[in-house]
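Participant: Quick one: structure below, then a few questions.
Please treat every number below as a calculation from the coordinates, not as lab data. It should be emphasised that the depicted structure is a prediction, and the values quoted were computed from it without experimental measurement. Cβ coordinates were reconstructed from backbone atoms using ideal geometry, including for glycine residues, and neighbour counts include every protein chain displayed.
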Amino acid sequence: MRVAVTIEISNQLSEVLSVIERHLESTLLAVHLYGSAVDGGLKPYSDIDLLVTVTVRLDETTRRALINDLLETSASPGESEILRAV
């Protein structure tokens, strides 16, 4: 199922997806957006909920690199006018 994403978070989601794809490459099966971003309840301090499905367990190096890069595309609730917590 595809859901229309608000303009408000589409740029950030594009960046997040690029990070995920770069780190997970061929092991990536799916990325699911869920929560308030898809049920119409997105509020100013809402985070962006993602479920990422991969074919293998991530090794520690990949996991840490992914987390560090995702933190660059994220912000604590209320900290940024542009970025949301991911």
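Participant: Using only helices, what value at 222 nm comes out for the chain when you add -39,500 (n - 2.57) per DSSP H run of length 4 or more and divide by the total residues, to the nearest 500 deg cm²/dmol?
Facilitator: -12500 deg cm²/dmol
Participant: Further, regarding this structure: Averaging over all projection directions, find the projected area of the Cα convex hull of segment 7-67 and quote it in nm² with one decimal place.
Facilitator: Over all viewing directions, segment 7-67 projects a mean Cα-hull area of 4.6 nm².
Participant: Further question on the same structure: Going by C-beta contacts inside 10 Å, put Asp49, Asp69 in order with the fewest on the left.
Facilitator: Arranged by neighbour count, lowest to highest, Asp49, Asp69 become Asp49, Asp69.
Participant: Still on this model: I need the phi-derived Karplus couplings for segment 48-61: 6.51 cos²θ - 1.76 cosθ + 1.60, θ = phi - 60°, integer Hz, Gly and Pro marked x.
Facilitator: Going residue by residue, I get 10, 9, 10, 10, 10, 10, 10, 7, 9, 5, 6, 6, 4, 4 Hz, with x marking Gly and Pro.
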